[in-house]
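The values are calculated or read from the model by the stated rules, or taken from the named source; none is laboratory data. If you're wondering where the values come from, they're calculated on a predicted model, not measured in any experiment. Note: areas computed on protein heavy atoms with side chains; ligands, DNA, RNA excluded. Shrake-Rupley method; radii C 1.70, N 1.55, O 1.52, S 1.80 Å.
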Amino acid sequence: MRGRTVLRTIRWGDWDPSLLRGLLLALLFLAGALAGHLYAGACGGEARAALDQYLTDYCAVYDAEGVVVSMLSCVVMYFGYAVLLFLFGFSSAGIALIPALSGLFGFLTMYTVSCFVRCYGREGVLLAMGVLLVRLVFTLPCFLALANEAWPLSIELFLLSFGRGKRSSPVQYGSRYLLLFVLCAVILAVGVCCERLLTPVLFRLALGEVL
């Protein structure tokens, strides 16, 4: 019995809380994705007709040669979540806003995919991947990495402000948090370049398979 107790203690001691936080954030992303899928299916007839027309016009624009996503749009799409997460790490409100942002990310991603699928059938998945694949390859890992670092800091700030109060030591950010943000910024900057170069090509290839 004593051997089992020691073994359990070792196992719990080796458990990394960041793994649990990462799993929770991933589950929230998936929950948001499910909500986005259900919401896309709940659209009424008029809304669906307007959506179909919008996606048709969207495909027609991208079918033209030389069309690229604007630099401003790319910067907002790539850096928006990262900047928000970084700032939420300095706020006690991030304890709720960071999980909510994870769910919102999943919701908007799957909503886009579901809209393409409902407009073009199964082939719509190809169009959605043409639009989202490059972006998700760069933004999703950076999002989860930053969220996993910012969330515990925000929790500590919340406990310091509303829980343990003066009995707690100040929240230590250190250089790790800033270096992670800088690394993610570099990765996202590369992603912006790839978005402008590759996404139009991928979308036209997918469009050629569908139309």
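Numbers for the structure displayed
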quantity: Whole-Hz couplings from phi, Karplus 6.51/-1.76/1.60, listed for segment 123-138; x for Gly and Pro; calculated: 5, x, 4, 4, 5, 5, 5, x, 7, 9, 4, 4, 4, 5, 4, 8
quantity: Accessible surface of segment 69-147, 1.4 Å probe, proportion on carbon and sulfur as whole %; calculated: 79 percent
quantity: For q = 0.23, 0.24 Å⁻¹, Debye-computed log10 I/I(0) when each Cα of segment 78-186 counts as one equal scatterer; calculated: -1.16, -1.21
quantity: Contact order normalised by residue count of segment 93-157, Cα under 8 Å, 6+ apart, percent; calculated: 50 percent
